[in-house]
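The values are calculated or read from the model by the stated rules, or taken from the named source; none is laboratory data. Small disclaimer: the values here were computed from a predicted structure and weren't measured. Note that each Cβ is placed from the backbone with ideal geometry, even for glycine, and that neighbours are counted across all protein chains shown. These accessible areas exclude ligands, DNA and RNA; they are computed on the full protein's heavy atoms, side chains included. Shrake-Rupley method; radii C 1.70, N 1.55, O 1.52, S 1.80 Å.
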Amino acid sequence: MDQNFSSNIPSRKDEHLKICIENDVKYENVTSGFDNYIIRPNILTKISPDDVDLSTTFLGKSMGSPLLIAGMTGGSEKGKEINKIIAKVCDEFNIGMGVGSQRAAIENPALSDSFQVRDKAENIPLLANLGIAQFSSGYSVKEAEKAIEMINADGLAIHVNPLQELIQYDGNKNLINVRQSLIDLASGSKYPIIVKSVGTGFSKEDMEFLSSLNITAIDIAGAGGTNWKKIEMYRNPSLSELSSSLINWGIPTADCLVNAADVFSDSSKKIIASGGIWNGMDAVKALILGADYVAFALPALLAISKDSEEGLRKFIHNYIIEMKMVLTMLGITKLEELRKKKNLLMRKTSH
Ligand SMILES: Cc1cc2nc3c(=O)[nH]c(=O)nc-3n(C[C@H](O)[C@H](O)[C@H](O)COP(=O)(O)O)c2cc1C
């Protein structure tokens, strides 16, 4: 296999950023599935966008809107700069954020500074991040708590990305201990644990297992947005010999969300929907289908690469305005009136 690329973590994370900025890393012929639904607008609505209140809470913090920028980066100068921009803008809008995998800083504490954003965003929900692969091969609750305390986070997002690990030439192929590692983490951590995919989604069976654990939330990160198998293919062209069906394999976000809402219906666990939810309209559809919060990653990175802090500010402003417009047309002023009100959605019948 071509190994003409970096196996060092910070450089690999920078390669990921560069690939995502310079290439099309979206799924091919797979959409997040929200196009299959239409929100039925009430054109005789009686409210205005100013009446719409999107505020909510997560991990004990209040939020202006039920939105988070999902974890992407850290561990390098570039990552540090991006994390600071994200934190500043999230603070302005009072929405949540996650940092990227902190494995690099667990292994080399000198890098921890690139993940530290609390000074820029004192009151937002902030998620630390580590991969389950590390827990399957040595990490314990100690490292989980270290990651949280390193950045004064409110919880830890554990990413589960077996397909990417299998495809990555230097990926961790030891998947045997994944379930046991999740059990140990969920039962041993004194901090909230959020289990997340990275754009492949979770099967119903996986979510049934997760619902039995003492976790706070699941981030479904379904298929239809950022495709990590494709990102790895840009790093290693020999992967283009894999079939397009494998590269584009995943559960579309909307389908995954419908299952998640079903599995977690009697539970206090929260559902974060992400994976190609890149506009306010789809975010509202996700809330109707049962999400408590909506997250996105790639569009935030692209907005920053286009126009730095101002680019991200504009993107989030428009995203929220769009959500408010949709709720206005539904005559809905509060989020509780949306969740699981599936009669607000119509299945598309014509193309
Ligand atoms: C450049 C980039 C880096 C990412 N790095 C991480 C990471 O370190 N840890 C993680 O849990 N997810 C990571 N993700 C995945 C995102 O958090 C998210 O789950 C996924 O991209 C789906 O959301 P999207 O379609 O809105 O991009 C990364 C995504 C991008 C685009």
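Just a few scattered comments:
- Gaussian network model of the chain, Cα within-10 Å springs - most flexible of M97, M281, M329: M329
- Whether segment 267-331 is rounded, prolate or oblate, judged on the alpha carbon gyration tensor where a/c under 1.5 counts as rounded: oblate
- With R₀ set to 51 Å, the beta-carbon distance separating S62 from V178 gives a calculated FRET efficiency near 0.90.
- Cross-link reach is defined here as a Cα-Cα straight distance under 16 Å, omitting same-chain residues fewer than 8 places apart; for K88 the lysines meeting it are K78, K80, K120, K314.
- Here is the list for segment 183-281: trypsin sites (Lys or Arg not before Pro) lying in DSSP coil, each with at most 14 other C-beta atoms within 10 angstrom of its C-beta, are K190.
- Signed unit charges on C-beta, dipole axis of the chain, positive-most listed residue T56, A295, Q102: T56
- Look at the dipole of the chain built from charges on Cβ: of V141, A254, Y191, the Cα furthest out on the positive end belongs to A254.
- Cα gyration tensor category, rounded, prolate or oblate, for segment 78-234 with a/c compared to 1.5: rounded
- Rounded to the nearest whole Hz, the Karplus-based 3J(HN,Hα) values (6.51 cos²θ - 1.76 cosθ + 1.60, θ = phi - 60°) of segment 246-257 follow the sequence 6, 4, 9, 7, x, 9, x, 3, 5, 5, 4, 5, with x at glycine and proline.
- Within segment 1-76, trypsin sites (Lys or Arg not before Pro) in DSSP loop having at most 13 other beta-carbon neighbours inside 10 Å: K46
- Within a Gaussian network of the chain (alpha carbon springs, distance under 10 Å), most fluctuating of I272, I106, I82: I106
- Bridgeable lysines around K204 (alpha carbons under 26 Å apart, same-chain partners fewer than 8 residues away excluded): K26, K173, K196, K229, K230, K269, K270, K285, K340, K341, K342, K348.
- Ligands, DNA and RNA aside, Y169 has an accessible area near 60 Å² when probed at 1.4 Å.
- Scalar couplings 3J(HN,Hα) for segment 13-21, obtained by applying the Karplus form with A = 6.51, B = -1.76, C = 1.60 to θ = phi - 60°, are 5, 5, 4, 4, 4, 4, 4, 5, 7 Hz; x denotes Gly and Pro.
- Dipole magnitude for segment 9-347: about 380 debye, using +1 per Lys or Arg Cβ and -1 per Asp or Glu Cβ, origin at the Cα centre.
- Looking at the chain alone, DSSP beta bridges between its own residues are antiparallel in about 20 percent of cases.
- In units of the rule-of-thumb radius 2.2 N^0.38 Å, the chain shows an alpha carbon radius of gyration of 0.94.
- In the context of the full protein assembly, Y191 retains an accessible surface of approximately 60 Å², using a probe radius of 1.4 Å and ignoring ligands and nucleic acids.
- The share of accessible area on the chain that comes from carbon and sulfur is 50 percent, using a 1.4 angstrom probe.
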